[in-house]
Structures are given as C-alpha cells and as structure tokens.
Amino acid sequence: ELFRTTEQERRLAGAGVAVDPADTREEVEDVLTRVIDRATLTLPDVPSTGTIGGRGGRQGVHSEKLEHALVVMQSLARKHPGATW
C-alpha cells in the first residue's frame with residue numbers, strides 16, 4: 001500500500017510538487033534488498049493484507065485488529081501521561 005498512489009498524490013506529482021510513490025518502489029526495494037542481504041537476513045513471506053472496500057490504511061480505513069491495538073496503546077499512554085519510550 002505504501003507505493004499505491006492516491007488521487008491527491010497523483011495531482012501533486014502532476015503539478016511537479018511531489019513524487020508519485022509508485023515511482024519510488026524499485027529504488028526503495030533495491031536499497032532494502034542490499035541492507036537485508038548485508039545483514040545476512042531474509043525477508044519473510046508476508047501475504048498482502050489487501051484493502052477494505054478498495055481503500056486502505058493510508059486513507060484511514062483499518063481493520064478491527066488495528067482498532068483493538070490502538071485501544072490498548074492509548075490506554076497505556078493515558079495511564080502514564082508524560083512518559084517517554
């Protein structure tokens with residue numbers, strides 16, 4: 001989803017004030033591959049999570065699993081206001 005271009009990004013790229021995320025995919029993957037290889041790691045095979053109704057997290061549409069995780073994280077921050085991690 002990181003490299004899926006939104007309509008707003010498409011317009012900004014067309015106006016010359018932003019980069020189309022899809023145009024950066026190859027370079028990002030090349031750099032990550034070199035880093036992973038040099039660290040002698042392997043990338044896990046992670047299936048695509050797809051989208052919800054054709055929209056995804058970058059448009060504010062999230063699954064129930066993320067909602068639960070946010071509730072847990074928010075409760076921790078509320079219990080310890082001003083804490084830093």
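The table for this structure:
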item: Pair list, Cβ < 9 Å and 6+ apart or interchain, from the stretch 13-36 residues that are part of a helix (DSSP H, G or I) to residues that are among the charged types (D, E, K, R); result: ALA13/ASP20; ALA13/ASP23; GLY14/ASP20; PRO21/ARG4; PRO21/GLU9; ALA22/ARG4; ALA22/GLU9
item: Search result, residues across the stretch 1-12 that are touching an Asp or Glu at 6+ places or on another chain (Cβ under 9 Å) and not in a helix (DSSP H, G or I); result: PHE3, THR5
item: Matching residues, the stretch 37-47, being open to solvent by less than 70 Å² (accessible area, probe 1.4 Å) and either touching a helix residue (DSSP H, G or I) at 6+ places or on another chain (Cβ under 9 Å) or assigned to a helix (DSSP H, G or I) (or both); result: none
item: Residue count, the stretch 25-60 (criterion: at pLDDT 95 or above and of a type in the set (Ser, Thr, Tyr)); result: 1
item: Scope the stretch 1-23; condition within 24 Å of HIS62 (Cα to Cα) and surrounded by 12 or more Cβ atoms within 10 Å (Cβ to Cβ); matching residues; result: GLU1, PHE3, ARG4, THR5, THR6, GLU9, ARG10, ASP20, PRO21, ALA22
item: Restricting the stretch 61-85 to residues that are at pLDDT below 85 and open to solvent by 70 Å² or more (accessible area, probe 1.4 Å), the residue that is nearest to THR6 (Cα to Cα); result: HIS62
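The values are calculated or read from the model by the stated rules, or taken from the named source; none is laboratory data. Everything numeric here is computed off the predicted structure, so don't read it as measured data. Using ideal geometry, Cβ is built from the backbone for each residue, glycine included, and neighbour counts are taken over all protein chains shown. Note: areas computed on protein heavy atoms with side chains; ligands, DNA, RNA excluded. Shrake-Rupley method; radii C 1.70, N 1.55, O 1.52, S 1.80 Å.
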